[in-house]
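Heads up: the structure comes next, in structure tokens.
Readers should treat all values here as calculations from the given coordinates under stated rules, not as data from a laboratory. Treat the numbers as computed from the prediction; the structure is a model and nothing was measured. Cβ sites come from the backbone with ideal geometry, for glycine too, and all protein chains shown count toward neighbours.
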Amino acid sequence: MTVGVVIYFGLSYEPDGRTLTALSIIAIGIFILSRHFRPAFYITGLAMCIFLGALCSKIETWRLSTPMLGSDISSTIKGRIISVEKVTRGKSRLIVDIISTEKPHLNHAPERAKLTFSGNNTEFEPGDGIEGRAKLRASSGPIRPDSYDFSFANYFQSIGAQGYFVGKPTKIFVEPPISSLERFSLAVARLRLAMTNRIINAIGGETGSIAAALITGQRGGILPATNEALRIAGLSHILSISGLHMAMVAGMVLIVIRTLLALFPSFASRYQSKKFAAAAALFVSAFYLLLSGSDVAAQRSFVMVAVMLVAIIFDRSAITMRNLAIAAIITLVVFPHEVLGPSFQMSFSATGALIATFGWWSRKHKSGFQTTPMFFGAGVMRIVLFPVLSTAVASLVAGLASGIFSAYHFSNTAPLGVLSNALAFPVMSIAVMPFALAAALLMPFGLEWWPLQIMGVGVKIVEKIAYSVASISPDVNPGLIPPIALVFLSIGLVILLFFKTRLCLFSIIFFFVGIIFVIHQTQPLLLISEDKGAVGLIDDKTLYITDIKPTRFTTEVWLRSYALNGIVGPSSEDYQKNAQFICDHGTCHAQKDGGLEIAVIEKQNTSDLTCPDDDILLLSSNIHLINCRPEQKVITETSLNLKGSIVVTDNGKIISAIESGPTRPWNEHRKYLRSSGSKF
């Protein structure tokens, strides 16, 4: 099914839903007819699952059908606030359902937008009406080819535009939503915001913001330095409500309920207390899902935990590859687009690696394999060291499995992640999550202060661990990993984890091929951002740019993705480094080691400009060139609007971030993108 999902989202066109449905039905029929012929049964079963994965992706895409803003514009909007989150000091982020627009009225306005404003987040709460002048921006594509696609993510979050309020918005009255589900969602969002504010007020400072992120999932107020320390130390996952948090909450409820029921022997002897405990843990996990904002990562984590808890209720083994597969299938049916995201890949790879390691350990233990030396005091040593050793091994196994995808998506490996997780996990298990659960349960009675204080101490310890490990950890950047390398590395990981015999050694071949693709990939020469706000030439691990003040976020992504050491702006007329841009009268020129020549033309003084001799030409809007050679590569703002950011390799090949162009629903708005100054 994963293969089918990847194929669907990788197509350069939008497949027809009726064709996919027909092919899926045919595959199911052939699968049923071939059930008595094993080889054909397996082959047709594989084809059936591939078609079903693609069909689920098509259904999700059709079900959402998010209207996307086609061009940047300012308009006065009226809407209903869906969620409120503090971003930084003095700024808050709102998700707003747009009810109406005026000055100008937008005929194809997005239904939902993500907007920031300067002000206290306590001024608004979910369900309030809001009115104000807003700068709405169309969703942008990937910063570089094969990177995170903001348009894709916004489409599947039902967000059609983003931007900010110009000035301070005002609170207005709007009719409450008609749907009972929407009213319930707003009530949960108000509860979530109220709990976030009470947690921050009780603990205070950045520590309170981190504590709130662990309970309600709102991550605003955390300093960039802390996020960077957590990333380098390999502890970023603790800020996202994921499998770790769900498993801790469910595990704590299981232990507490079973312990309480054991105090009543007459009841415990007649009924299986573990089933009641599992049902209670399922209910609490569902509440935690709603409280955390129900983002996709939390939903996927809840599905995994719910499958294991239901297995306990039906007397099945909870931690098995079969249950992991069931959780994955449910996720693929409901949220198939998550297959392309780091959350799905890292979570399922880490969980699969832990289950495989646990299974190997169990088989060795049953076969008589001695896990500790047999000498006097060995039992005491095992009791003391086993929890520490098991935590370190679990961190190492999960880190190695998920590290493939972390390196691909974030250019980060966290070499000392085993150390930081081994130190932080006991603190999270003892001092943070148990008291977070206690605070949430006691908050209706106003008694949350004391458990939050203990939780705050635990969070501070985790912060110190992150900063301490980050200070001694080398920030190992593997650089760019091409998609084909990720495919081979993923296949190798699947073979290693799922094969229980020596056939798992075949994974070495796929790992080797994946590493070869990483080593021998074509190196980039020229980088161009989608909005042409940053243009850079790479030479000797240095990025030479045309602008003294480039787009910061874009250049930071480029530096990490391509493992570059620094940025050098355009040169003066007196001195020029190799590959450095020389800019004069609206035109910048650069050349790398006698190779390709690049020209960036920003202004045109005459009606027709004679084409320069450069090999690659980047033109702003309304630039007209004459007498260009056929072999010259001309890149215009129109092509950037249609294709997104561009990378030009050393051999002159142009690679676009959106090769399919505006043919998929999350990119259709690109057909309407215009350069500034054009009529809306």
Quiz prompt | Relative contact order of region 502-553, pairs being alpha-carbon contacts under 8 Å that are 6 or more residues apart, as % | solution = 20 percent
Quiz item: Which net charge results for the neighbourhood of Y155, defined as the other residues with beta-carbon distances under 10 angstrom from its beta-carbon, given Lys and Arg at +1 and Asp and Glu at -1?
Solution: -1
Quiz item: Given a Förster radius of 35 Å and the C-beta distance between N565 and T610 as r, what FRET efficiency does 1/(1 + (r/R0)^6) yield to the nearest 0.05?
Solution: 0.40
Quiz prompt | Candidate lysines - alpha carbon under 21 Å from K500, same-chain residues fewer than 8 apart omitted | solution = K364, K366
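Estimate the FRET efficiency between A286 and I655 by the formula 1/(1 + (r/R0)^6), using the beta-carbon distance for r and 41 Å for R0, to the nearest 0.05.
Working from the Cβ atoms, E equals 0.40.
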Quiz item: Helix 507-519 versus the longest principal axis of the chain: what is the Cα-based angle in degrees, 0 to 90, to the nearest 10?
Solution: 30 degrees
Quiz item: Calculated FRET efficiency, Q272 and R322, Cβ-Cβ r, R0 30 Å, to nearest 0.05?
Solution: 0.90
Exercise. Return the calculated 222 nm mean residue ellipticity for the chain, to the nearest 500 deg cm²/dmol, obtained by summing -39500 (n - 2.57) across DSSP H runs with n ≥ 4 and dividing by the residue count.
Key: -16000 deg cm²/dmol
Quiz item: Which of E175, E123 comes first, and how do the rest follow, when ranked by fewest Cβ neighbours within 10 Å?
Solution: E175, E123
Quiz item: Going from the alpha-carbon gyration tensor of the chain, what semi-axes, largest first and in whole Å, does one get by taking the root of 5 times each eigenvalue?
Solution: 45, 32, 28
Quiz item: Residue separation times 0.36 nm, minus the C-alpha to C-alpha distance between H520 and I626: what's the value?
Solution: 34.3 nm
Practice problem: Taking the Cβ of each residue in E637, E659, E597 as the centre, tally the other Cβ atoms inside 10 Å and list the residues starting with the fewest. | Solution: E659, E597, E637
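What is the magnitude of the charge dipole of the chain about its Cα centre, with +1 placed on the Cβ of each Lys and Arg, -1 on the Cβ of each Asp and Glu, and no other charges, expressed in debye to the nearest 20?
Roughly 2700 debye for the chain.
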Exercise. Could you list I130, I567, I255 in order of exposure, starting from the residue whose Cβ has the fewest other Cβ atoms within 10 Å?
Key: I255, I567, I130
Practice problem: Quick one: go through region 409-445 and flag any residue whose amide nitrogen is under 12 Å from the point 7 Å out along the Cα-to-Cβ line of A262. | Solution: none
Quiz item: If the chain between S65 and S471 were fully stretched, how many nm would it gain, using 0.36 nm times the residue separation less the Cα-Cα distance?
Solution: 141.6 nm
Quiz item: Could you name the lysines in cross-link range of K577, using Cα to Cα under 24 Å and dropping any fewer than eight places away on the same chain?
Solution: K532, K541, K549, K592
Quiz item: What does the charge count near G217 come to, summing +1 for each Lys or Arg and -1 for each Asp or Glu among other residues with Cβ under 10 Å from its Cβ?
Solution: 0
Quiz item: Tally Lys/Arg at +1 and Asp/Glu at -1 over every other residue whose Cβ is under 14 Å from the Cβ of V459; what's the total?
Solution: +1
Quiz item: How much length is gained on full extension from L223 to S74, taking 0.36 nm per residue of separation minus their Cα-Cα distance?
Solution: 50.6 nm
Quiz prompt | All lysines inside 26 Å of K103 as judged from Cα atoms, apart from same-chain residues fewer than 8 positions distant | solution = K78, K91, K114, K135, K168, K171, K671, K679
Self-check item: Two-decimal Rg to Rh for region 211-472 - Kirkwood Rh, Cα set
Solution: 0.97
Self-check item: Rough spin-label spacing in nm, given labels placed 7 Å along Cα→Cβ, for I484 and F512
Solution: 1.8 nm
